[in-house]
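Scroll down for the structure; my scribbles are underneath it.
All of the numbers you see were taken from the coordinates with simple rules; none came from a lab. The model shown is predicted, which means the values in this text are computed figures rather than measured ones. FYI the Cβ positions are ideal-geometry reconstructions off the backbone, even for glycines, and counts take in every protein chain you see.
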Amino acid sequence: MAWETSGWQTAEHAPVDTVLVQESQRAFMTRVHGWMFGGLMVTAIMALVTVSNEPLLRAVINFRMPLLLVQFGVVLGLSFLAPRLSGAVAALMFLGYSALTGMTLSIFFLIYTAGSIAQAFFLTAGVYGAMAIYGTVTKKNLSSWGTFLFMGLVGIILASLVNFIMRSDAMSFVVACASVVVFAGLTAYDTQKLRELHAGTGYSSAATVSIVGALTLYLDFINLFIALMRLLGKRR
């Protein structure tokens, strides 16, 4: 290893190794964000296709819960079966999940104005971008955020289930505010963790690793968007 060699060799090779690692991480995160943005594009297209097709929109409204269960199953499958999946299968599952998400989110066009949807999207992109950059450049280890963010996520899920029955506007507002904080934090946390995951796999360039990383950041983006939409969206 570099630190076991003579002084001139250490000075000669250590910077090269560091550069190679940085380039590998940069390439990995570029692939991750490429897949993520591809998924977001599929979601946007499917949302527009669904809202413009009345029979399809009615089917989504009538079968929304089964669709959500299918989405949940795809996420679990892709997350836990990733080591056994080929890149092509993982890509198909991710893009299929993105399409299903677009179909379910198409209902937003019936509730909110197109202008407020666009506003929430661009605000989400800004917050996501800022937190992703922070997670990339910060020297601080964000592992300490993990417990807080996980507890916040569990609290959001439980509060959402309770509010599904209570239908309280005040609770909806609190849950939306908490969601913004949690998913903004998760964006930075997950960005840093993905870089560590890449290092832990020996700087693997496997497509499956990139797609699972893309799914993680995609979920952060979508949930942040939904939270901001509920906070800022202007109803029709």
**OP:** Would you compute, from DSSP H runs of 4+ residues alone, the mean residue ellipticity of the chain at 222 nm, taking -39500 (n - 2.57) per run and dividing by the full residue count, rounded to the nearest 500?
**Re:** -29500 deg cm²/dmol
Original post:
How big is the gap, in Å, between the Cα center of the range 156-173 and the Cα center of the range 44-103?
Top reply: 25
Subject >> Residues of the range 58-78 with amide N under 14 Å of a point placed 7 Å along Cα→Cβ from PHE164 >> reply: 64-73
Original post:
Modelled label-to-label distance, GLU196 and MET171, 7 Å Cα→beta-carbon offset: nm?
Top reply: 3.5
**OP:** Note down the nm distance, to one decimal, between modelled labels 7 Å out along Cα→Cβ at VAL181 and at VAL70.
**Re:** 3.7
Original post:
By a straight-distance test (C-alpha under 21 Å), which lysines pair with LYS193 as possible cross-link partners, with residues fewer than eight away in the same chain excluded?
Top reply: LYS139, LYS140
Subject >> In sequence order, calculated HN-Hα J values of the range 173-190 (Karplus, 6.51, -1.76, 1.60; Hz; x Gly/Pro) >> reply: 5, 5, 5, 5, 4, 5, 5, 4, 5, 5, 6, 5, x, 5, 4, 5, 4, 5
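Starting from the coordinates of the alpha-carbon atoms of the range 76-187, obtain the Kirkwood hydrodynamic radius over all distinct pairs and give the value in Å to one decimal.
Hydrodynamic radius (Kirkwood, Cα pairs) of the range 76-187 is 16.9 Å.
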**OP:** Taking the Cα atoms of the chain, report the difference between the largest and smallest coordinate on each principal axis, in whole Å and largest first.
**Re:** 71, 37, 30
